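We did not get these values from a lab; they are worked out from the coordinates using the rules stated. In this text the structure is predicted, and so the values were computed from the model without any measurement. Quick reminder, even Gly has a Cβ in these numbers, built from the backbone with ideal geometry, and neighbours come from all protein chains shown.
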Amino acid sequence: MTPAQAKNWDEFMEGIWRQNPVFVMVLGMCPTLAVTVSAVNALSMGLATTFVLIASCFLVSVMRNVIPKEVRIATYIVIIATFVTVVDYVIQAVSLALYDALGAFIQLIVVNCIILGRAEAHASRAAPVPAMINATGMGAGFTIGLLALGVVREILGAGTLFGISLFGASFQPWVIMVLPPGGFFVLGAWLLVFAWWERRKPGADVAEVTQHA
Amino acid sequence: MTATIEIRTAPHIRGPRTVERIMRQVVLSLAPICAFFVYQYGLSAAASLLAVTLACLGTERLFARTGSQSGDISDWSATITGILLALSLPPGFPLWMGAVAGFVAVALGKALFGGIGFNVFNPALVGRAFVQAAFPVSIAAYTPSFLPGRFTEFIPSSLAWPLMMPADNAAWLHAMHLDALAGATPLAKWKFDGVLAGAGELLTSLSGHMAVGPSPLLILVCGAYLALRRYLDWRIPAAILGSAGLTAWILFGFDAVRYPNPFFMLFSGGLILGAVYMATDMATSPVTPRGMWVYGALIGLLTVVIRYYSGLPEGVMYAILIGNAATPLIERITQPTPFGVGEARKARRAGTYPLHPSYISREEAGASAPKKRIFRNKPKRTP
């Protein structure tokens, strides 16, 4: 691996592990808690956000020297809203059931702080390719985070995974898992698991862990 | 020869009342209640007590080993959580759900806050609230007590496979020539069918085929033992029962047809168990004597309000959880006055404090009002 490749890989992995939007930065909690009732919902929400993230980061990066500093946030929002509209129509055309399940949260991708944060913090000061690599990593990290919640909530809340029944007809659904408290419980449990794992890592002292968290 | 001086912070006088000792006494006082519960419901109740308590102990051990929480299973607190949780669940509650409740009670209710003494909410009630939200059907499925053959066979619903739906008890009850309604608790019967249970039946739980928990009379006796030995404060149960009774009595006075008599309110459901054993948890109730009265009054009032005006037949659990949440606030507004401060405050209010001989009033000094300072603690600038 050449140094350039290693740097790109590092940029990509940053969003998946070190700066994971869901488990480390705890950003974008609104869709994270609201749409992760099933794995399909979580996956499609993650993919939609990833697409908007990559496309808008690319455009912001290309136009970074053109956009006046004073109106940059408004410009980013317009760019993001454009791609969200695209995603909105695409999902509506592909699957109306999914569109109904995700509801207003598709349009609310516009105000997802991960996207605006990436545009402001990274894409506005990086070349298009690194910006897209970083955005892909972040999007993948967000998708993984949503999927981690969605899988647990769907298995316990409905006994299915991606709509496939796992335990047969006599499964006892845990009603709380498809309710909002279930989202908080599962998110908390995942955060706990990661914090514990980080602390167990050989050589990781407590100070470093708290810094990461 | 020099004596070793050990330097440590107060308190310096140590009594024999350690956490372990108090908890062991509470467990001992719960033993007769458990025995009567098993006598009422047989094998299933025994299995439920065992499963829930073991789940609590296992979780406590797990978190004591992996985390940095204080306490371990040797302090008996997890045992109390397990027993109380099992007593508050229906005896035919599926064993695997009971184990889930026990796990959630200790993990979410206690370990995450830092272990014994740090929990904000009563762990047993946290576990119960979780399974109430997760399995609302199973937690409402009571079966009658004193069934024939209760010592030789389980209630069918308790032996469900893990993660699987429990069997319906209705067919099983039908085979014994009992209708499904026999399984309803007195509160549910009152709320949904308008049937009031008699006083003697409620108090002793000895009449046949009533779906009730352990006898309120027995709980009161065991609680009185603890209160006499000062292992729990009598003010909290007294305040809860007084406030619930008073509220129910006032409403009964207004409309005796719509509202049941206060006696029924006091001795049905889990109010006695909650008032004596759950609300008095030392870590989650106020320490100030006046605060205990406020806390108890709040819980009693909320219990009656939830029972009368919500869709739920029982409200003790949520009332105590809300009381736990309000505890820090109650403690803050009911701080006792330190010795000596009250006199000084009274004197200041009356304006009779003696003036210093060299005091000159503002008028005498001919000075104008001093400039108001916005920040009181900011030192005055001296030129």
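Okay, here's what the table says:
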read-out	value
Pairs of lysines in the protein assembly as shown (C-alpha under 29 Å apart; 8 or more residues apart or interchain)	8
Approximate spin-label separation B:Tyr309-B:Arg290, in nm, with each point projected 7 Å along Cα-to-Cβ	2.7 nm
Charge sum, other residues only, whose C-beta stays under 11 Å from B:Tyr318's C-beta, Lys/Arg counted +1 and Asp/Glu -1	+1
Whether segment B:278-339 is rounded, prolate or oblate, judged on the alpha carbon gyration tensor where a/c under 1.5 counts as rounded	prolate
Calculated diffusion of segment A:3-212, Stokes-Einstein form, Kirkwood radius summed over Cα pairs, 20 °C and 1.002 mPa s, µm²/s	118 µm²/s
Positive minus negative residues near A:Ile133 (Lys, Arg vs Asp, Glu; Cβ under 15 Å)	+1
Charge context of A:Arg118, other residues only, Cβ under 15 angstrom, K/R +1, D/E -1	+1
The protein assembly as shown - Rg and Dmax from Cα coordinates, angstrom	30.8, 99
Shielding by other protein chains, B:133-141, mean Cβ within 10 Å	3
For residues of A:171-178, the mean tally of beta carbons on other chains within 10 Å	6
Cβ-Cβ FRET estimate between B:Thr4 and A:Leu191, R0 fixed at 45 Å, reported to 0.05	0.45
Segments A:62-71, A:157-166 sorted - mean Cβ within 10 Å per residue, highest first	A:157-166, A:62-71
For chain B, calculated [θ]222 nm from helices alone, where every DSSP H run of n ≥ 4 adds -39500 (n - 2.57)	-16000 deg cm²/dmol
Helix-derived mean residue ellipticity, 222 nm - over chain A, DSSP H n ≥ 4, -39500 (n - 2.57), to 500	-21500 deg cm²/dmol
HN-Hα J in Hz across segment B:96-105 - Karplus 6.51, -1.76, 1.60, θ = phi - 60°, x for Gly and Pro	5, 5, x, 5, 4, 4, x, 4, 5, 4
Segment B:100-173 versus segment B:295-335: alpha-carbon centroid distance in Å	22 Å
Interchain or long-range residues, amide H under 5 Å from B:Met164's placed H	A:Gln172
Two-site FRET efficiency, B:Arg61 against A:Lys7, from Cβ-Cβ distance with R₀ of 60 Å, rounded to 0.05	0.80
Förster radius 22 Å - calculated FRET efficiency between A:Trp17 and A:Leu161 (Cβ-Cβ, nearest 0.05)	0.35
